[in-house]
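Accompanying notes for the structure given below.
A short reminder: the numbers here are calculations on the coordinates, not readings from a lab. Just so we're clear, the structure is a prediction, and the values are computed from it rather than from any experiment. All Cβ positions, glycine included, derive from the backbone under ideal geometry; neighbour counts span all protein chains shown.
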Amino acid sequence: MGDPTIRRPILSELYEQFLADRDQAAFIHRVAERYHTATLERLVLHPSRWVRRGSVLALGAISDFSSNTVLGHALVDHDRGVRMLAESAIRAIWCRDGSWNQQQELARIIGLNAAEKHDAARNAATRLIEDNPRLAESWNQRAIANFAVQRVLESIADCRQTLDLNPFHFGAAAGLGQCHMQLGDHQSALDTFRHALKINPSMEGVRSNVVYLQKLLGKRK
């Protein structure tokens, strides 16, 4: 039973309606009509998991990189549904940093990496970094491209820069672990994968790597 003294936000009803009709566009529209981003960020800490889920889902659609810290903390929420929504939401807002033109260029770079055109992605990411070195995701995309073309040391540097700019970037933390594994530095890989899990405990692939490396190094948790 919930605490009757705690007022139930309308967001809870909107999220329940979304669960019934699965119309995310309508849900986002209704939420945007009633809530400012700052209010949604406060509701991420609400006692009700339904409110937390609704606020995280909405932030992923209507907010930008300014909500990174709030969504980063939601990655370790005790509710699995909140954690899953937070992972999707935070990935979305990582791409909404910088100017509109920079966001469009970042989207193009992500597409190049997805298409395995890593040299082109690397060159484009370098130009974007020169244009705005504060964009964490541009460093991460260059790290991905560098790793793919066997520039592992450069990928390590880019992953570290990504994490300096965005301490919640679990993708860069996991990528850094992969780099250390590629170099045969198993202890550093284990330490980095453990750090990645502290940021986002839902990464089962990273958890499997931790178990493997613990066995390899003969260590316990």
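Select from region 27-38 the residues that are assigned to a helix (DSSP H, G or I), more than 20 Å from GLY81 (Cα to Cα) and either among the β-branched types (Val, Ile, Thr) or more than 21 Å from the chain's Cα centre (by Cα) (or both) and list them in ascending order.
First, pick out the residues of region 27-38 that are assigned to a helix (DSSP H, G or I): 27-34, 37-38.
Add one more test, that the residue is more than 20 Å from GLY81 (Cα to Cα), and what stays is 29-30, 32-34, 37-38.
Across region 27-38, the qualifying residues are HIS29, ARG30, ALA32, GLU33, ARG34, THR37.
Any residue in region 158-178 that is assigned to a helix (DSSP H, G or I), acidic (Asp, Glu) and either out of contact with any Gly (no Cβ under 8 Å at 6 or more places or on another chain) or on the phi > 0 side of the Ramachandran plot (or both)? Let's see the steps before the verdict.
Filtering region 158-178 down to residues assigned to a helix (DSSP H, G or I) leaves 158-165, 170-178.
Of the ones still in play, those that are also acidic (Asp, Glu) are 158, 164.
Then keep just the ones that are either out of contact with any Gly (no Cβ under 8 Å at 6 or more places or on another chain) or on the phi > 0 side of the Ramachandran plot (or both); that gives 158, 164.
Within region 158-178, one or more residues are assigned to a helix (DSSP H, G or I), acidic (Asp, Glu) and either out of contact with any Gly (no Cβ under 8 Å at 6 or more places or on another chain) or on the phi > 0 side of the Ramachandran plot (or both).
Given (1) aliphatic (A, V, I, L, M); (2) free of Cβ contacts under 8 Å to residues at least 24 places away in the same chain; (3) assigned to a loop (DSSP other than H, G, I, E, B), where does VAL76 come up short, assuming only one miss?
(2)
Hey, can you tell me all the residues within region 138-168 that are touching a Cys at 6+ places or on another chain (Cβ under 8 Å) and of a type in the set (Gly, Ala, Ser)?
Within region 138-168, ALA143, SER155 qualify.
Quick test of your reading of the structure: PRO47 fulfils all but one of (1) surrounded by fewer than 16 Cβ atoms within 10 Å (Cβ to Cβ); (2) under 25 Å from GLU154 (Cα atoms); (3) touching a residue at least 12 places away in the same chain (Cβ under 8 Å); (4) more than 16 Å from the chain's Cα centre (by Cα). Name the failing condition by number.
(2)
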